[in-house]
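Okay, so here's the structure we're looking at.
The values are calculated or read from the model by the stated rules, or taken from the named source; none is laboratory data. All values reported here derive from a predicted model rather than from experimental measurement. With ideal geometry, Cβ positions are generated from the backbone for all residues, glycine too; neighbour counts draw on all protein chains shown.
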Amino acid sequence: MDTRERDLRHGSGHDHGRAHDHDHAQQDVPSDITLRVKALESLLVEKGLVDPAALDAIVDMYEHKVGPKNGARVVARAWCDPAYKERLLADASAAIGEFGYTGRQGEHMIVVENKPKLHNLVVCTLCSCYPWTVLGLPPVWYKSAPYRARAVIDPRGLLRELGLELDEDVELRVWDSTSEMRYLVLPERPAGSEGMDEAALAALVTRDAMVGVAKVAPPAPRGRP
Ligand code: FE
């Protein structure tokens, strides 16, 4: 667990599908929705309506196969192809769909672009809404109560604590995700990446940069690790 995770991991957080009506005060016991999901899962398995292996396969897919690599490919394409970037900013769901990344928790996507004087940060103040199709499952700190609160109360202080110091003249916009609307940050292409191809660029893009808690670091100079 890194420092950030340790600092921010005060609440257990939870995932959810559509509802925003669950209780957020009980952070240390399983939430109502978690218990309801468990009960429903047990019942469906018991009645033979659902194969537990099929459920495991879905969880495995979001944990291992779908992940930030998808988002990184989208970002790298936008850096290389101005027409794609235009489509992405105009209709993110459709442009992301061009890669075949569609489905659960990615239906209504909005991509917000970082610029030299504008930085975007994504949070879900109510719970943990997150663009699964491009970033996979949300990290623990994203779901934590301190992150969710401080992203609104003191976003600059939060970013500073996470190692990102924004100049005072950089505007900071905070986007609150919901079950209806999920945000992906299009980070700035780093200096020193000129001439890199799309695949190499995608390898530079991190999950944190696409949430807006970090920038994409310049590539390591040739000959150095
Ligand atoms: Fe949420």
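Suppose the filter is within 15 Å of the ligand (Cβ to nearest atom) and over 20 Å from A214 (Cα atoms); does C80 pass it? I'd like the intermediate steps shown before the answer.
Values: within 15 Å of the ligand (Cβ to nearest atom): no; over 20 Å from A214 (Cα atoms): yes.
Against the criterion (within 15 Å of the ligand (Cβ to nearest atom) and over 20 Å from A214 (Cα atoms)), C80 does not qualify.
Among the numbered criteria (1) of a type in the set (A, V, I, L, M); (2) buried (at least 20 other Cβ atoms within 10 Å of the Cβ); (3) in contact (Cβ under 8 Å) with a residue 60 or more places away in the chain; (4) within 16 Å of the ligand (Cβ to nearest atom), which single criterion is violated by A92?
Result: A92 fails condition (4) only.
Scanning segment 108-119 for residues that are under 18 Å from N70 (Cα atoms) and away from the ligand (no atom under 14 Å from the Cβ), which turns out surrounded by the fewest Cβ atoms within 10 Å (Cβ to Cβ)?
Step one: list which residues in segment 108-119 are under 18 Å from N70 (Cα atoms), which gives 108-113.
Right, trim to away from the ligand (no atom under 14 Å from the Cβ) and you get 109-113.
Values: M109: 24, I110: 16, V111: 26, V112: 18, E113: 14.
Here the residue is E113.
So, L137, is that one within 25 Å of D60 (Cβ to Cβ) and touching a Pro at 6+ places or on another chain (Cβ under 7 Å) or not?
On the way: within 25 Å of D60 (Cβ to Cβ): yes; touching a Pro at 6+ places or on another chain (Cβ under 7 Å): no.
When the stated conditions are applied, L137 does not pass them.
Take segment 59-78 and flag every residue that is at pLDDT below 75 and in a helix (DSSP H, G or I).
Of everything in segment 59-78, those that are at pLDDT below 75 and in a helix (DSSP H, G or I) turn out to be V59, D60, M61, Y62, E63, H64, K65.
So for segment 110-118 (the condition being of a type in the set (D, E) and over 18 Å from V205 (Cβ atoms)), does at least one residue qualify?
No, segment 110-118 contains no residue that is of a type in the set (D, E) and over 18 Å from V205 (Cβ atoms).
Of these, L201, L121, L137, which one is in contact with a Phe, Trp or Tyr (Cβ under 8 Å, 6 or more places away or on another chain) and in a strand (DSSP E or B)? Steps first, please.
Working: L201 fails: in a strand (DSSP E or B); L137 fails: in a strand (DSSP E or B).
None of the others qualify; the one that does is L121.
Please enumerate the residues belonging to segment 168-182 that are outside any loop (DSSP other than H, G, I, E, B) and either within 16 Å of the ligand (Cβ to nearest atom) or closer than 18 Å to R73 by Cα (or both). Lay out the reasoning, then the answer.
Filtering segment 168-182 for residues outside any loop (DSSP other than H, G, I, E, B) gives 171-176, 182.
If the condition is that a residue be outside any loop (DSSP other than H, G, I, E, B) and either within 16 Å of the ligand (Cβ to nearest atom) or closer than 18 Å to R73 by Cα (or both), then V174, W175, D176, R182 are the ones that fit.
Among V75, V122, which is of a type in the set (V, I, T), within 15 Å of the ligand (Cβ to nearest atom) and surrounded by 21 or more Cβ atoms within 10 Å (Cβ to Cβ)?
Answer to the selection: V122.
Looking at the structure I just gave you, is E171 touching a residue at least 60 places away in the same chain (Cβ under 8 Å) and among the acidic types (D, E)? Steps first, please.
Details: touching a residue at least 60 places away in the same chain (Cβ under 8 Å): no; among the acidic types (D, E): yes.
When the stated conditions are applied, E171 does not pass them.
Out of (1) within 16 Å of the ligand (Cβ to nearest atom); (2) surrounded by fewer than 23 Cβ atoms within 10 Å (Cβ to Cβ), the odd one out for T133 is which?
The number of the failed condition is (2).
Here are V211, V185: which of them is within 16 Å of the ligand (Cβ to nearest atom) and closer than 18 Å to L137 by Cα? Steps first, please.
Working: V185 fails: within 16 Å of the ligand (Cβ to nearest atom).
Answer to the check: V211.
Among the residues that make up segment 147-157, is at least one of them surrounded by 20 or more Cβ atoms within 10 Å (Cβ to Cβ), among the basic types (K, R), in contact (Cβ under 8 Å) with a residue 12 or more places away in the chain and not in a strand (DSSP E or B)? Spell out the reasoning first.
Applying the first criterion (surrounded by 20 or more Cβ atoms within 10 Å (Cβ to Cβ)) to segment 147-157 yields 147-148, 151.
Going one step further and asking which of them are among the basic types (K, R), we end up with 148.
If we keep only those that are in contact (Cβ under 8 Å) with a residue 12 or more places away in the chain as well, we get 148.
Now drop any that are not not in a strand (DSSP E or B), which leaves 148.
Checked against the condition, which is being surrounded by 20 or more Cβ atoms within 10 Å (Cβ to Cβ), among the basic types (K, R), in contact (Cβ under 8 Å) with a residue 12 or more places away in the chain and not in a strand (DSSP E or B), segment 147-157 yields at least one hit.
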